[in-house]
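The values are calculated or read from the model by the stated rules, or taken from the named source; none is laboratory data. Keep in mind that this is a model prediction, so the values were computed, not measured. Here the Cβ is made from the backbone with ideal geometry for all residues, glycine too, and neighbour counts use every protein chain on show. Keep in mind that these areas ignore ligands, DNA and RNA; they rest on the heavy atoms of the full protein, side chains included. Shrake-Rupley method; radii C 1.70, N 1.55, O 1.52, S 1.80 Å.
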Amino acid sequence: MTITVRDKSFVPFISAQAIQARIATLGEQITQDYADKNPLCIGILNGAFVFAADLVRAVACPLEISFLKYASYEKMQSSGKVKQLLGINENLEGRHIIIIEDIVDTGATMQQVRKDLKSAGASSVKLAALLFKPKAVRSDIHIDYLGFEIENRFVVGYGLDYDGAGRNLDAIYVIA
Ligand code: IMP
């Protein structure tokens, strides 16, 4: 079924059930890896708010969650430049951090986030990303907990937007 978001058509790509099944597996892995570490999960706003909410609820060990906000995307293209718009108040010294990101595209956002967190004294920084576009990535990014590797096409839904719209869709759609 084709849907319209603003002026563009999108078709179903990853179903809500497939997303939830994958998140259950990632949650089990994180539970095992962080059993005694009380990790601080940091969701990257706005896109990761849905994934972060579902992922942390799939993790059974104690954790904390906070959010950071950066900007690099305008309409359908990454500007390649990233700036931090909103910081976090937690002391990161000695903490085990899990960054939660909706999608790694050029990788510019992730490089900046990692740099910011390491310089704030984090003990370890790992990355959970729902989607990864390997063909778009310009930098060397390692994703520790990956949902799905996808082709280099524009997607919306499940937190991801097209010009601010479509974030509330419960599945992921790709441009038609
Ligand atoms: P990067 O810095 O180029 O890796 O861009 C990452 C950010 O761009 C993500 O957190 C998303 O907010 C946004 N983004 C990248 N690809 C898409 C897409 O296909 N649809 C919607 N947003 C995207």
Protein accessible area in the chain, 1.4 Å probe - carbon and sulfur %: 47
Under-5 Å amide H pairs with A48, H placed in peptide plane, nonlocal only: D102
When we measure straight from the Cα of K69, which aspartates and glutamates land under 13 angstrom away, once same-chain ones fewer than 8 places off are left out? E101, D102, D116
What would the Debye equation give as log₁₀ I(q)/I(0) for the chain at q = 0.09, 0.16, 0.17 Å⁻¹, counting only Cα atoms as equal point scatterers? -0.29, -0.94, -1.06
Where does the chain land at 222 nm, in deg cm²/dmol rounded to the nearest 500, when only DSSP H runs of n ≥ 4 count, each adding -39500 (n - 2.57), divided by all residues? -7000 deg cm²/dmol
Additional length obtainable on full extension of the chain from F154 to S139, 0.36 nm per residue less Cα span: 3.5 nm
Keeping every protein chain present and rolling a 1.4 Å probe, give me the accessible area per residue for the stretch 16-153 in Å². 50
Karplus couplings for the stretch 157-174 from phi (6.51 cos²θ - 1.76 cosθ + 1.60, θ = phi - 60°), rounded to Hz, Gly and Pro as x? x, 6, x, 7, 10, 10, 6, x, 9, x, 5, 7, 5, 8, 10, 9, 10, 10
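Please give the peptides 141-147, 157-163 ranked by average Cβ packing (other Cβ atoms within 10 Å per residue), highest first, as a rough proxy for protection.
Numbers: 141-147: 18.0, 157-163: 21.3.
Per-residue mean Cβ counts within 10 Å order the peptides as 157-163, 141-147.
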Amide H to amide H under 5 Å from I98: which residues, 5+ apart in sequence or cross-chain, H placed 1.01 Å off N in plane? L40, C41, I42, K126
Could you rank R22, R57, R6 by how accessible they are, 1.4 Å probe, largest area first? R57, R6, R22
